[in-house]
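Written out below as C-alpha cells is the structure these notes cover.
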Amino acid sequence: MTKKSHRVLPGFGLSLGYALVYLSLLVLIPLGGLIAKSAELSWAQFWDIATTARAFASYRVTFGCALLAAIVNGVFGLIVAWVLVRYEFPGKKLIDAFVDLPFALPTAVAGITLTSLYANTGWVGQYLEGVFGFKVAFTPAGIVVALIFIGIPFVVRTVQPVIEDIEQEVEEAASTLGATRAQTFARVLFPALFPALLTGFTLAFARAVGEYGSVIFIAGNMPMVSEITPLLIISKLEQYDLPGATVLAVVMLVISFVLLLSINLLQWWAANRHSGRHIDGGAQA
C-alpha cells in the first residue's frame with residue numbers, strides 16, 4: 001500500500017482553479033478586454049494609428065532606452081552584486097540597503113530627484129553640461145538614467161544568491177591550473193552566472209518598458225524626441241481618444257511579449273546548457 005503524500009496546500013484541482021481565477025481576474029480578462037476593444041477597429045484603422053510617425057518615435061524611445069538601461073544594469077549590477085558578496089568593507093550593510101531603495105521610493109519622487117540633480121543647474125548636470133557639453137535632463141539620456149535607477153535592484157538581487165553559491169575554491173582551483181583572471185571569469189564563473197544574469201536583465205528590461213512616473217519628469221516629453229509610448233497613451237486618453245490609446249497599448253503588449261518570450265527562451269537554453277555541462281562533467285569524473 002503506497003503512502004499518500006502530505007501537502008500543506010489543498011489538492012491540485014482546488015489550487016489550480018484558484019490560481020486560474022486569480023490570474024484571469026488580474027491579468028487575462030483585462031488583457032482580453034484590451035484586445036477586444038482594439039478589434040472593434042478595422043485593420044486599416046489599426047495600422048494607421050499604430051504606424052504614425054509620432055507613434056514610431058515613441059516606440060524607438062521607449063524600447064531603445066529600456067534596452068540600453070537594461071544592458072547597463074546587467075554589467076554594473078553584476079559588479080555591485082560581486083562586490084557585496086565577495087568583499088568586506090565599512091558601510092557594506094548600508095550600501096546593500098541602498099540597492100533596494102528604488103523598490104521603496106515612489107517613482108514620481110525618483111523622477112523629481114533625478115531631474116533636480118541632472119538639470120543644467122543641478123549638482124551633477126551643471127558639470128556635465130558646463131564642462132563636457134553633455135545634457136542629460138530633458139533628453140533621451142535622462143530617460144536612460146531614470147530607467148537605470150529603477151532597474152538595477154532587479155539585477156543585483158537576482159545575481160547575488162548565485163554568486164553566494166559559487167565557492168571561492170572554484171576560482172582558486174582555476175588559478176592553480178594556470179587560468180588567468182579573464183579565463184576564470186569567462187570559462188568558470190560566467191557560465192554559472194549567465195542564466196541568473198539574463199533573468200535580472202529581463203526583469204529590468206520589462207520594468208523599464210512600462211515605467212512612467214520617474215521618466216516624465218526628466219524626459220522633457222518632446223514629441224518625436226523624448227516622448228515615451230506610455231505618455232503618448234495617457235495623452236490620447238486625456239483627449240478621449242480611447243481607440244488610439246488602445247491600439248498603442250496593444251502594440252506595446254505584442255512587442256513586449258515577443259521580446260520577453262525570446263529572452264526567456266534564451267534563458268531556458270542557457271540554463272539547460274549549463275546543467276548539461278554539469279551532468280557531463282560529473283559523468284566524466
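Only the coordinates and a few stated rules stand behind these numbers; no lab work does. From a predicted model like this one, the values you see are computed outputs, not experimental measurements. All Cβ positions, glycine included, derive from the backbone under ideal geometry; neighbour counts span all protein chains shown.
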Taking GluC sites (Glu not before Pro) as exposed when in a DSSP loop with at most 11 other Cβ atoms inside 10 Å, the chain has its longest clean stretch at 168-285
What's log10 of I(q)/I(0) for the stretch 54-194 at q = 0.10 Å⁻¹, Debye sum over Cα points only, no solvent? -0.47
In a Gaussian network model of the chain with springs linking alpha carbons closer than 10 Å, the residue among L237, L31, L20 that fluctuates most is L20
Fully extended contour minus Cα-Cα distance, from S116 to S42, at 0.36 nm per residue: 22.1 nm
Is the shape of the stretch 136-285 rounded, prolate or oblate, going by the alpha carbon gyration tensor and its root eigenvalues a ≥ b ≥ c, with a/c under 1.5 for rounded and a/b larger than b/c for prolate? prolate
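Using just the helices of the chain, give the 222 nm mean residue ellipticity in deg cm²/dmol: DSSP H runs with n ≥ 4 each add -39,500 (n - 2.57), and the total is spread over all residues, rounded to 500.
Numbers: 15 runs with 211 residues, N = 285.
Roughly -24000 deg cm²/dmol at 222 nm, from the helical runs in the chain.
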Could you compute the net charge surrounding I228? Neighbours are other residues with a C-beta less than 14 Å from the C-beta of I228; K and R count +1, D and E count -1. +2
Using Cα springs under 10 Å in a Gaussian network model of the chain, which residue among S214, S175, S262 shows the largest mean-square fluctuation? S175
At a temperature of 37 °C and a viscosity of 0.692 mPa s, determine how fast the chain diffuses translationally according to Stokes-Einstein, using the Kirkwood radius over alpha-carbon pairs as Rh; express D in µm²/s, rounded to the nearest whole number. 148 µm²/s
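Report the gain in length on full extension from L94 to L34: 0.36 nm times residue separation, minus Cα-Cα distance, nm rounded to one decimal.
Extra length available between L94 and L34 comes to 17.3 nm.
DSSP H helices in the chain with Cα extent of 20 Å or more along the helix axis and mean Kyte-Doolittle hydropathy at least 0.0?
Qualifying helices, which must be both long enough and hydrophobic enough, are 53-86, 140-165, 190-209, 242-284.
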What is the stretch 1-134 by shape, rounded, prolate or oblate, if you read a ≥ b ≥ c off the alpha carbon gyration tensor as root eigenvalues and call it rounded for a/c under 1.5, prolate for a/b larger than b/c, and oblate otherwise? oblate
Connecting C-alpha atoms closer than 10 Å in a GNM of the chain, tell me which of Q160, Q183, Q45 has the biggest fluctuation. Q183
